[in-house]
Amino acid sequence: MKMLIAFLICAGGAASAVSAWAQSYPAKPVRVLVGFAAGSTTDLIGRVLATKLGEGLGQTVVVDNRPGAGANIAAELVSKAPPDGYTALLANAGIATGATAYVKLNFNALRDFTPVTQVSATPHILVTHPSLPPKTVKELIAFARARPDTLNYASTGHGNSDHLAAELFSYMTGIKMVHVTYKGGPMALNDLLTGQIAMYFAGVPVALPFVKAGRIRALGVTGVKRAPVLPDVPTVAEAGVAGYEHILWSMLVVPVATPRDVVAKLNREAVRALEAAEVRERYAGMGVDPVGTTQEQASAYLKSETAKYAKVVKAIGLRIE
């Protein structure tokens, strides 16, 4: 009995210490890793969030770009980081597609992370170089069918959201294209602007300024409805590929053993930041919808998206070594 009482006292003391530590969190800057280069869609979304989130936490929130390997470098780093709330990952839909598409990964998206909140949702834009003859989605499909394995397209890495957008498009239309990878949207767009790449399923925030300036041509958006920032651009579905839909979302996650109180505080402040008028205005101008969910909703969404894209990846035969 004495041993039991001693154990309960120690356990209570430990719980109190953890609670006190969590209440003092954060005591130093928080790092949010992004698996893409500066200026990419996920990076732009992350920087807007980081500024406002830092205000709520009372500490600087630093965006740390770790591009490469389809954003898996950043994800693996966070999966192995100390679970103390000072290292987080702003993942995007690629973490759900990559879970099935990659033959081997050194982390498991569902096992190694605790979702904090879904941050955003935005469609991709199918954009082409103005010198490419097709001016509509139907014309592009006909053009590509007549020239199998010659039309090249960009992505920010194997298994990423923009890669899957293109693979799904290819699968549903029966066209064959050449895949060229980059470490971020700005690099992909640069080669599109110079004509080295024919087409790209770009994130709206990255491509929007160049579409409006007439430097690239927008043929369709990948959502179920038109983007408010590009009301004259049809969805890919209404432009000729019935049933096509693909959304680029982002989600804030932390290492799985991060204390619940810390995760709860991150969730509370992140959601508050996403509800702020200035953040919503910034996102709207970029063509991004802020979301903000509970931890439970974010976890359920990650599970459902991983299951959904497992079926898509299997259907299109996408396997990445």
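Between His179 and Ala310, what FRET efficiency comes out of the Förster formula 1/(1 + (r/R0)^6) with R0 = 25 Å and r the beta carbon distance, rounded to 0.05? The computed FRET efficiency comes out at 0.75. In a simple Cβ point-charge model (Lys, Arg +1; Asp, Glu -1; nothing else charged), the range 194-321 has a dipole of about 200 debye relative to its Cα centre.
Electrostatic tally near Leu189: other residues with Cβ closer than 14 Å to its Cβ, Lys and Arg +1, Asp and Glu -1, net +1. Would you please classify the overall shape of the range 199-321 from the alpha carbon gyration tensor, given that a ≥ b ≥ c denote the square roots of the eigenvalues, rounded means a/c under 1.5, and beyond that prolate means a/b larger than b/c while oblate covers the rest? Verdict is oblate for the range 199-321. Sorting Ile316, Ile216 on solvent-accessible area from highest to lowest, probe radius 1.4 Å, gives Ile316, Ile216.
Using R0 = 45 Å, the C-beta based FRET efficiency linking Arg215 and Lys104 works out to 0.70.
Each Lys and Arg adds +1 at its Cβ and each Asp and Glu adds -1 at its Cβ; summed about the Cα centre, the range 80-228 shows a dipole of about 400 debye. The relative contact order of the chain, computed from alpha carbon pairs under 8 Å that lie at least 6 residues apart in sequence, is 27 percent. Using a Cα-Cα cut-off of under 22 Å, which lysines could be cross-linked to Lys225, ignoring same-chain neighbours fewer than 8 residues away? Those lysines meeting the cut-off are Lys135, Lys138, Lys212, Lys308. Once the chain from Glu238 to Asn152 is taken as fully extended at 0.36 nm per residue, the excess over their C-alpha distance is 28.6 nm. When each full DSSP H helix of the chain is screened for a Cα extent of at least 15 Å along its own axis and an average Kyte-Doolittle hydropathy of at least 0.0, the helices passing are 2-24, 41-57, 161-173. For the range 98-155, applying the loop criterion from DSSP together with a ceiling of 14 other beta carbons within 10 Å to the trypsin sites (Lys or Arg not before Pro) yields Lys104, Arg111, Lys135. Working value for the range 124-266: equivalent-ellipsoid semi-axes of 29, 16, 16 Å, each the square root of 5 times a Cα gyration tensor eigenvalue, largest first. Estimated from helices alone, the mean residue ellipticity of the chain at 222 nm is -14000 deg cm²/dmol (sum of -39500 (n - 2.57) over DSSP H runs with n ≥ 4, per residue). Choose one of Ala75, Pro148, Ile197: the residue whose Cα lies farthest towards the positive end of the charge dipole of the chain (beta-carbon charges +1 Lys, Arg; -1 Asp, Glu; about the Cα centre). The residue sitting most towards the positive pole is Pro148. Fraction of C-alpha pairs exceeding 13 angstrom in the range 164-206: 57 percent, rounded to a whole number. Taking a ≥ b ≥ c as the square roots of the eigenvalues of the Cα gyration tensor, the range 180-259 is classed as oblate, since a/c reaches at least 1.5 and a/b does not exceed b/c. Overall shape: oblate for the range 18-93, with the ratio a/c of the largest to smallest alpha carbon gyration tensor axis at 1.5 or above and b/c at least equal to a/b.
What you get for the chain, charging only the Cβ of Lys and Arg (+1) and of Asp and Glu (-1), is a dipole of about 280 debye around the Cα centre. Computed from the alpha carbon positions, the gyration tensor of the range 43-158 leads to an equivalent ellipsoid with semi-axes of 35, 19, 11 Å, biggest first. With only Cα atoms counted, the chain has Rg and Dmax values of 21.2, 84 Å.
Of the residues Val63, Val221, Tyr309, the one whose Cα sits farthest toward the positive end of the charge dipole of the chain, with +1 on the Cβ of Lys and Arg and -1 on the Cβ of Asp and Glu, is Tyr309.
Can you tell me how much longer the chain between Arg319 and Ala38 gets when fully stretched, taken as 0.36 nm per residue apart minus their C-alpha distance, in nm with one decimal?
Full extension of this stretch gives 98.4 nm more.
For the range 82-229, averaging the sequence separation of C-alpha pairs within contact (under 8 Å, six or more residues apart) and dividing by the residue count gives a relative contact order of 33 percent.
The values are calculated or read from the model by the stated rules, or taken from the named source; none is laboratory data. No experiment lies behind these values; they were computed from the predicted model shown. Virtual Cβ from ideal backbone geometry, glycine too; neighbours counted across all protein chains shown. Calculation scope for accessible area: heavy atoms of the full protein, side chains included, ligands and nucleic acids excluded. Shrake-Rupley method; radii C 1.70, N 1.55, O 1.52, S 1.80 Å.
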